[in-house]
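The values are calculated or read from the model by the stated rules, or taken from the named source; none is laboratory data. The structure presented is a predicted model; accordingly, all values stated were derived computationally and were not measured. Don't worry about glycine lacking a Cβ; one is built from the backbone with ideal geometry, like all the others, and counts go over all protein chains shown. SASA here: full protein model, heavy atoms, side chains in, ligands and nucleic acids out. Shrake-Rupley method; radii C 1.70, N 1.55, O 1.52, S 1.80 Å.
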Amino acid sequence: MSTRTGKRAGYQEIAATLRARIKAGEYTPGAALPSEATLVSEFSVTRTTLRRALTQLEEEGVVQTLRGRGRFVRDPEGPDVAAHKHALVVDAIRDRIATGALVLGGLLPSEADICREFDVSRDTARHAFAALEREGLIVGDGRTRTVASPADFGDDGDRSAAWLVHGERPIYENYWVTVSMADIETPDGSRFEHHKVALPPAAIVAMVDVKDRVFMMWRHRFVSDTWGWELPGGVVDDGEEPAATVAREVVEETGYEISGSLDHVVTYQPMNGTVDSPHYVFVARGVTKVGEPSERNEGHRTAWVPLDQINSLVDRGLISSSGTLVAVLHLAATRTGSSGVAQ
């Protein structure tokens with residue numbers, strides 16, 4: 001099957017032709033592709049053009065290069081050898097940086113050195129270096145690469161861009177909400193009044209059992225007129241520690257008692273452009289059933305929801321409360337599930 005028509009093929013045309021042959025079964029999974037010399041002759045192109053086509057197919061996961069053996073059609077059902085070797089190189093260099101074997105500013109091994117050490121192709125070495133550059137661990141110009149200075153995302157202490165508050169007057173206030181008007185000045189010198197809302201702090205807890213499930217309550221929120229799955233939690237009383245709040249709320253809303261670990265995950269502000277309301281998020285691993293919930297208005301029904309279903313519930317709009325989202329997305333990302341529950 002020749003593509004010779006009197007003009008040279010472009011690399012995308014070559015890739016499309018080889019892709020079609022693979023799809024038609026001319027080159028079967030695990031089979032070797034023709035040599036570079038054969039393909040260069042067939043398509044009447046330079047090796048550079050051919051290699052661009054083959055690289056595109058590698059990036060698509062259609063073929064893979066096995067050093068010293070050639071290029072092969074990747075078996076979708078089999079192990080991805082190239083991907084495994086790419087990850088091996090990345091993990092090894094990352095570990096050397098972490099342990100100090102590669103020091104800040106120090107030169108990394110060359111592509112040729114990586115190829116010899118890990119028995120990989122030059123493309124695999126370059127892809128590994130590119131992944132490390134995206135992580136900010138190394139920098140380079142394509143020929144030499146060095147260990148990068150770690151990015152510092154901490155507080156730099158510069159307060160020159162702070163908005164100044166010249167005064168504040170209340171408009172409405174009670175235990176649950178305070179609305180006020182602040183006289184503020186922005187860094188560009190503008191001065192105007194800005195609404196400010198203060199709400200009591202809140203604490204939320206995700207209770208996880210040994211089956212990697214989280215306890216959730218299906219409930220209605222009349223303000224937004226929405227239904228959704230939420231975690232137990234409530235307002236932090238004056239003088240109360242947030243951890244004590246979640247311990248109290250768990251018993252009242254679920255009938256369980258925290259008997260294992262209780263870890264603080266994060267404190268966040270859900271709408272800090274206008275509203276001041278710290279939210280404390282916890283994860284409890286190990287709870288014991290001690291009775292029935294005394295608070296009957298918090299949940300229409302309850303369930304232990306598998307963590308592998310969390311993303312689906314979020315996608316379907318069945319979890320929308322900010323505190324619940326922060327907690328369950330943290331759990332879905334970490335997926336440890338190493339605790340116990342006594343039913």
- Note on the structure: Looking across segment 13-25 at residues that are closer than 13 Å to residue 63 by Cβ and hydrophobic (A, V, I, L, M, F, W, C), the single one that is surrounded by the fewest Cβ atoms within 10 Å (Cβ to Cβ) is 22
- Query: For segment 26-40, which residues satisfy the criterion of being part of a loop (DSSP other than H, G, I, E, B), touching a Lys or Arg at 6+ places or on another chain (Cβ under 8 Å) and open to solvent by 30 Å² or more (accessible area, probe 1.4 Å)?
  - Reply: 29
- Message: Just to be sure I understand, how many residues within segment 127-160 are under 21 Å from residue 70 (Cβ atoms) and surrounded by fewer than 16 Cβ atoms within 10 Å (Cβ to Cβ)?
- Response: 0
- Note on the structure: Condition set charged (D, E, K, R) and in contact (Cβ under 8 Å) with a residue 40 or more places away in the chain, scope segment 283-303, selection nearest to residue 163 (Cα to Cα): answer is 298
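Quick grid of which residues meet (1) surrounded by 12 or more Cβ atoms within 10 Å (Cβ to Cβ); (2) in contact with a Lys or Arg (Cβ under 7 Å, 6 or more places away or on another chain); (3) in contact (Cβ under 8 Å) with a residue 60 or more places away in the chain:
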residue: 254; (1), (2), (3): yes, no, no
residue: 277; (1), (2), (3): yes, no, yes
residue: 281; (1), (2), (3): yes, no, yes
residue: 305; (1), (2), (3): yes, yes, yes
- Task: Looking only at segment 119-133, decide whether some residue is free of Cβ contacts under 8 Å to residues at least 40 places away in the same chain and under 14 Å from residue 147 (Cβ atoms).
- Result: yes
- Please work out which one of (1) under 30 Å from residue 181 (Cβ atoms); (2) open to solvent by 40 Å² or more (accessible area, probe 1.4 Å); (3) small (Gly, Ala, Ser); (4) assigned to a strand (DSSP E or B) is the condition residue 224 fails and give its number. (4)
- Item | Extreme residue, surrounded by the most Cβ atoms within 10 Å (Cβ to Cβ), among residues of segment 41-70 that are touching a Ser or Thr at 6+ places or on another chain (Cβ under 7 Å) and at pLDDT 85 or above | 43
- Task: May I ask you to verify whether residue 91 is in contact (Cβ under 8 Å) with a residue 60 or more places away in the chain and either closer than 12 Å to residue 148 by Cβ or not in a loop (DSSP other than H, G, I, E, B) (or both)?
- Result: no
- Message: Tell me yes or no: at least one residue of segment 263-282 is over 30 Å from residue 163 (Cα atoms) and charged (D, E, K, R).
- Response: yes
- Message: When you scan segment 261-269, do you find a residue that is in contact with an Asp or Glu (Cβ under 9 Å, 6 or more places away or on another chain) and either part of a strand (DSSP E or B) or at pLDDT below 95 (or both), even just one?
- Response: no
- Task: Working carefully through the options 197, 246, 205, 214, find the one that is part of a helix (DSSP H, G or I) and either open to solvent by less than 20 Å² (accessible area, probe 1.4 Å) or in contact (Cβ under 8 Å) with a residue 60 or more places away in the chain (or both).
- Result: 246
- Consider residue 265 carefully, then state whether it is surrounded by 17 or more Cβ atoms within 10 Å (Cβ to Cβ) and under 23 Å from residue 321 (Cα atoms). yes
- Query: Across segment 161-194, what is the total count of residues that are exposed (fewer than 12 other Cβ atoms within 10 Å of the Cβ) and touching a His at 6+ places or on another chain (Cβ under 9 Å)?
  - Reply: 3
- Hey, does segment 279-296 have a residue that's touching a Gly at 6+ places or on another chain (Cβ under 7 Å), part of a loop (DSSP other than H, G, I, E, B), small (Gly, Ala, Ser) and farther than 19 Å from residue 327 by Cα? yes
- Message: Need the failing condition index for residue 239 against (1) more than 30 Å from residue 181 (Cα to Cα); (2) in a loop (DSSP other than H, G, I, E, B), just the number.
- Response: (1)
